[in-house]
Amino acid sequence: MSEKTASLNFIEQIIEDNLEENPGLKVHTRFPPEPNGYLHIGHVKAICVNFETAKKYGGLTNLRFDDTNPTTEDTEFVDNIKKDIKWLGYDWEDREYFASDYFGKLYEFARKLISKGLAYVDDSTPEKIAEEKGSPGTPGVENEYRNRSVEENLDLFERMKNGEFPDGSRVLRAKVDMASPNMLLRDPLMYRIKHEHHHRTGDEWCIYPMYDFAHGQSDAIEGISYSLCSLEFMHHRPLYDWFIEKLEIYPSRQIEFARMNVAYMITSKRKLKKLVEDGLVTGWDDPRMPTISGMRRKGFPAAALRTFCDKVGVAKRENVIEIDLLESCVRDELNKTTARVMAVLDPVKVVITNYPEDKVDEMVAVNNPEDESMGSRIIPFSRELYIERKDFMEDPPKKFFRLGPGRNVRLKNGYIINCTDFVKDDNGIVTEIRCTYYPDSKSGEDTSGIKAKGVLHWVSAGHAIKAEARLYNHLFTDETPTAHEDRDFMEFFNHESLEVLPAIYVEPSLKEVSPGTQLQFMRNGYFCVDSTSSPEKLIFNQTVNLKSRYKPKK
RNA sequence: AGAUGCGUAGCAUAAAUGGUAAUGCACCGGAUUUUGGUUCCGGGGAAAACAGUUCGAUACUGUUCGCAUCUUCCA
């Protein structure tokens, strides 16, 4: 049902205008991926726009694989694409289609056009065809094949289908207008010969329809009322409409919107593939990749991706969205849903000199202050702890609310401690910090009256589990690595995009944590248990850091 | 150069029969806080340019400028 929102995007305005004239109109959209690669952040937008628009008006969305080019497509991709869309939270139910299912119908459509004198077989070489098309400024020229008889065209086209001609020797073209200022109307190719094995139709066909003679027709066959696509197809629309008119089929309507670009991310399948093939990333699901599988492995929640698309909106302007917005959506979601735990990424030992050696306190820790229903857990506190190395300074400035000689600090869910001394090695590196604790300052039952501005996270040295953490930075050092005419995008590859911390310490409650689990490492950021993690070797991926208002002076 | 589309704060998206513009993120400040998180309060900052119509234009018209796309037997 159409929910009442304050503002409509331009597509919704078109739909509501149509609905006003024709109240019975069904809103039916489709998501049409080509199964030749993995879905990425750009597809997320397309998926959201198509599914959400239909949902808003009580309509349906089909999943249709646009598999008209056997050279690059494969079933392997089909399964991954389906998995990604489902994970994102969208359901196409039983409406799963393939353009290749329509090859028979498409062939008949082509014959119909030939019969109407609106399509012809061209024997020219690709070079000649390109040359005859002219350029945007100058009209193209009509060649000798353009006026073949309907009978000859029908015969030739059938023989193309029957495999009588080699690849590239002939094509079927629509007879539109060789002088059109729109290059796509200069007798566009409808069919080409490719003696290739198709992932679904096998060797049944050796002629395959081009995008322009498959997409719109598939839309019509499925009764798609709104074919929502990206701006680059704008020039195809006159052709899209031309085929519908001449074929006299269901008048699907194409509406173009601007694709989404996100700073520091790239969405070219070819370029993404190069990163994988060159071994710069570990695979399509490397957490640094802008693929859905990569973002999932990194710990981005599907809900955050959907919110992100909603906040970005839909328009026709070229755009590059700042990555802060995406990360903000991720934090917002994770803040509500994740358990807080303590993990020390860069440990330095703290010894509490007035705490008995064999004593262990059981401290109560709230799992999520945002959600009481998530309960609490017990964590051990003992004489030797680890804290974050950067939480101690030998000679701290005033605004440093952490530990320093003589200073008090609250250990989260623990006691207030006072730094009495510290030990350095020959290189001047601090190896141990000595403190005393205030026994009456225990968290939750503090009667000490002592004030401590800073709060630190910690783990008990004798109980903590050693684990690995992987921190990620932007994959590229430039916001738009592919937008430089004079430079290759690989020049901007960030060789420091992955930072592995082989020996962090996490609290013992994480011992059996399973892959995919999302957590907040207090004061350190949101982390996700990697898909390759095991109890023997825990691996955590940093999803996103926490915001911080602490700005140390330079 | 030809055609088409687009140009609202740093980014993105809105609203307004034509009546000096709002929201989110970012940024700055403050309050709260046993996460320098969260939450709350406040702040600065925008109509590409010019001309025309008009009492009044960011919205209409025109010109200019800028950006994008199109000349794959890819989609």
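FYI, it's all coordinate maths here, none of it is from the lab. It should be emphasised that the depicted structure is a prediction, and the values quoted were computed from it without experimental measurement. Cβ placement follows ideal geometry from the backbone for every residue including glycine, while neighbour counts extend to all protein chains displayed.
Skipping prolines and chain starts, which residues have an amide H placed within reach, meaning under 5 Å, of the one on A:ARG340, given they are 5 or more residues away or on another chain? Placed amide hydrogens put A:ASN368, A:GLN520 under 5 Å from A:ARG340. Across segment A:192-201, computed HN-Hα scalar couplings (Karplus, 6.51 cos²θ - 1.76 cosθ + 1.60, θ = phi - 60°) run 10, 8, 9, 7, 9, 6, 9, 4, 10, 8 Hz from first to last residue, x flagging Gly and Pro.
Legend: residue pairs A:LYS442/A:LYS537; A:LYS82/A:LYS175; A:LYS274/A:LYS511; A:LYS82/A:LYS128; A:LYS390/A:LYS451, Cα-Cα distance threshold 30 Å; pairs beyond threshold, A:LYS442/A:LYS537; A:LYS82/A:LYS175; A:LYS274/A:LYS511; A:LYS82/A:LYS128.
By the count of neighbouring beta-carbon atoms within 10 Å, fewest first, A:SER460, A:SER534 end up ordered A:SER534, A:SER460. From the alpha carbon centroid of segment A:279-325 to that of segment A:410-466 is 39 Å. Across chain A, the relative contact order, built from alpha-carbon pairs under 8 Å that are at least six residues apart, equals 11 percent.
Of A:ASN80, A:MET160, A:GLY216, which is farthest on the positive side of the dipole of segment A:3-259, counting Cα position, with +1 on Lys and Arg Cβ, -1 on Asp and Glu Cβ, and the Cα centre as origin? Going by the charge dipole, the pick is A:GLY216. Amide H contacts for A:GLN254 (H built 1.01 Å from N in the peptide plane; partners 5 or more residues away or on another chain; cut-off under 5 Å): A:SER227. Taken one residue at a time, the phi angles of segment A:472-480 give Karplus couplings (6.51, -1.76, 1.60, θ = phi - 60°) of 10, 10, 3, 5, 10, 8, 10, 4, 10 Hz. Gly and Pro are set to x.
Is the shape of chain A best called rounded, prolate or oblate, per the rule: a/c under 1.5 gives rounded, else a/b larger than b/c gives prolate, else oblate, with a ≥ b ≥ c the square roots of the Cα gyration tensor eigenvalues? Walk me through the numbers on the way to the answer.
Values: a/c = 3.07, a/b = 2.60, b/c = 1.18.
In terms of gyration-tensor shape, prolate.
Near the amide H of A:ASN62, within less than 5 Å, lie the amide hydrogens of A:THR29, A:ARG30, A:PHE31, all on another chain or at least 5 residues away, with H placed in the peptide plane. The C-alpha atoms of chain A define a longest principal axis, and helix A:103-115 lies at about 40 degrees to it. Could you pull out every one of the aspartates and glutamates with an alpha carbon less than 16 Å from that of A:LYS412, ignoring same-chain neighbours closer than 8 positions? Those aspartates and glutamates meeting the cut-off are A:ASP361, A:GLU362, A:GLU384, A:GLU388, A:ASP391, A:ASP440, A:GLU445, A:ASP446, A:GLU507. Taking chain A as a whole, the Cys residues whose C-beta sits 4.7 Å or farther from every other Cys C-beta are A:CYS206, A:CYS229, A:CYS329, A:CYS419, A:CYS435, A:CYS528.
Just add up the charged neighbours of A:VAL314: K/R +1, D/E -1, any other residue whose Cβ is under 13 Å from the Cβ of A:VAL314.
Numbers: positive: A:LYS45, A:LYS56, A:ARG259, A:LYS311, A:LYS316, A:ARG317; negative: A:GLU12, A:GLU52, A:GLU256, A:ASP310.
Local net charge: +2.
Derived scalar couplings between HN and Hα for segment A:509-516 equal 5, 8, 3, 9, 5, 9, x, x Hz in order, rounded to whole Hz, by the Karplus curve 6.51 cos²θ - 1.76 cosθ + 1.60 (θ = phi - 60°), x for Gly and Pro.
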